[in-house]
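As structure tokens, the structure follows; a few thoughts come after it.
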Amino acid sequence: MKPGPLVEWDPPHTAKALLVCLPHAGSGAFQFRPWQELLGPDIALLAVQLPGRESRWREEPATGMAEVLDELAPALAARLDLPYFVFGHSMGALVGYELARALGREHGRWPRGFVASACRAPDDQGEPSGSLGLTDQELVAELVADGAVPAALAANSRLAAAVARPLRGDIAICDSYTPPGEDTLLPCPVGAWRGQDDAGVTDEHIRKWRAWSAGTDTVRTFPGDHFYHHADPRHVTAELRAFVLGLLPPHS
């Protein structure tokens, strides 16, 4: 059977909400596997797996946001039997934001809450990177230097080559991205989170997410760098659990 874009691990039958998690550029769904147990029995985790990595490594990576949404939105819409929330890290937050908009506008299913982690707001993404012409090693080394991918990738040439393929697709998605108009704000609360040592995504950057939500917003800083969510997953999942359950109706 061909692997699909959504991955889950032993979802609890007692779940009251669904948490959709989207990974950073070049990465896949597997990083979220430990989170299901940490989130507890009230929340079912559903991780996004884009083509070209992990279980979908044989497929060609997507290179545009529309291509990603054309696959993800209907697949996720068919799974929304519970109130849902979105957590996206770095590029995953940008995709998650557009996914939430697509589900709301095209399927009438807006999320109850959205967390943008280690990501600038849609209108603050910066200029195209210009890095697609680099060799695999150069590409990974540049992104490691920028703090955009884990440093361990640069030390292993085979791993760098494997990661470079989906990275090139993800960079193309970001480089070609055009932010929507402000008449399409998310009608739910938005959390904007970052690691305190992340020089590429500052407090000023994440505060700009306030302009993209018609609901309430919270700005949070965690110990760590761009990948703070890996350094202390118990803390991060505890905060996510509080965010999700705090937005559900009482006694739901």
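The values are calculated or read from the model by the stated rules, or taken from the named source; none is laboratory data. No experiment lies behind these values; they were computed from the predicted model shown. Please note that ligands, DNA and RNA were not included when accessible areas were found on the heavy atoms of the full protein model with its side chains. Shrake-Rupley method; radii C 1.70, N 1.55, O 1.52, S 1.80 Å.
Worth a mention:
- Using a probe of 1.4 Å, the accessible surface attributed to TYR84 totals some 0 Å² when neighbouring protein chains are kept in position.
- Rounded tilt (10° steps) of 233-246 against the dominant C-alpha axis of the chain: 40 degrees
- Helix 65-77 and the longest principal axis of the Cα set of the chain meet at an angle near 30°.
- Accessible area (Å², 1.4 Å probe, nearest 10) - ILE171: 20 Å²
- Area of GLU138 that stays accessible when all protein chains are in place (1.4 Å probe, Å², to 10): 90 Å²
- Rh (Kirkwood; distinct C-alpha pairs) - the chain, Å: 18.2 Å
- Structure-based [θ]222 nm, the chain - -39500 (n - 2.57) summed over DSSP H runs of at least 4, per residue, nearest 500: -10500 deg cm²/dmol
- Coupling constants for region 213-226 follow from the phi torsions by the Karplus curve (6.51 cos²θ - 1.76 cosθ + 1.60, θ = phi - 60°), and in residue order they are 9, 8, x, 6, 9, 9, 10, 10, 10, 10, x, x, 9, 4 Hz; glycine and proline get x.
- In terms of Cα atoms, the Rg and Dmax of region 1-133 work out to 14.6, 49 Å.
- For region 175-252, a/c is not less than 1.5, where a ≥ b ≥ c are the root eigenvalues of the C-alpha gyration tensor, and a/b does not top b/c. That puts it in the oblate class.
- Between the helical axis of 136-145 and the longest alpha-carbon principal axis of the chain there is an angle of about 60 degrees.
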